[in-house]
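A short reminder: the numbers here are calculations on the coordinates, not readings from a lab. Fair warning: this is a prediction, and the values are worked out from it, not measured in the lab. Virtual Cβ from ideal backbone geometry, glycine too; neighbours counted across all protein chains shown.
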Amino acid sequence: MSPSIERQQLQTVHIVPLTAFDQNDQINLDQQAAHTQKLYEAGMRVYLPGAGTSEFHSLSPEEIVQLVKVTREVTGPETLIFAPIGYQVKVARQTAID
């Protein structure tokens, strides 16, 4: 993807989709995928999954990776996805690698 396309893609709405949880407080990936699909169909092309207020700190690094992966699977390669990275440096680095 060329830098000019990325800049153009950034000149739009960026969305932090709500994370879907089931009754056991586990991420509901099927519901997450369905919600993301609706957002994509509505024209959203820049996503920040797992980055909501207080949401990032309540999710494990593995859950953040799951959210990023399901967002990519649903939206395809033409969207921009910004993965939230934080915690200690070692954890942030491993999450970025995953």
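I want the local charge near V65. Using Cβ-Cβ distances under 12 Å, sum +1 for each Lys or Arg and -1 for each Asp or Glu among the other residues.
Summing Lys and Arg as +1 and Asp and Glu as -1 gives -1.
Got a sec? Charge dipole of the chain, +1 on Cβ for Lys and Arg, -1 for Asp and Glu; which of I81, L18, L59 is way out at the positive end?
I81
With +1 assigned to the C-beta of every Lys and Arg and -1 to the C-beta of every Asp and Glu, and no other charges, what is the dipole magnitude of the chain about the Cα centre in debye, to the nearest 20?
So the dipole magnitude of the chain works out to roughly 380 debye.
For P(r) over Cα pairs in 10 Å bins from 0, in percent, the listed values are [x] 16, 47, 32, 5, 0; [y] 14, 36, 30, 14, 5, 0; [z] 12, 31, 34, 16, 6, 1; which was obtained by calculation from the structure presented?
Answer by label: [x].
Which length gain, in nm to one decimal place, applies between E62 and F82 when the Cα-Cα distance is subtracted from 0.36 nm times their residue separation?
5.6 nm
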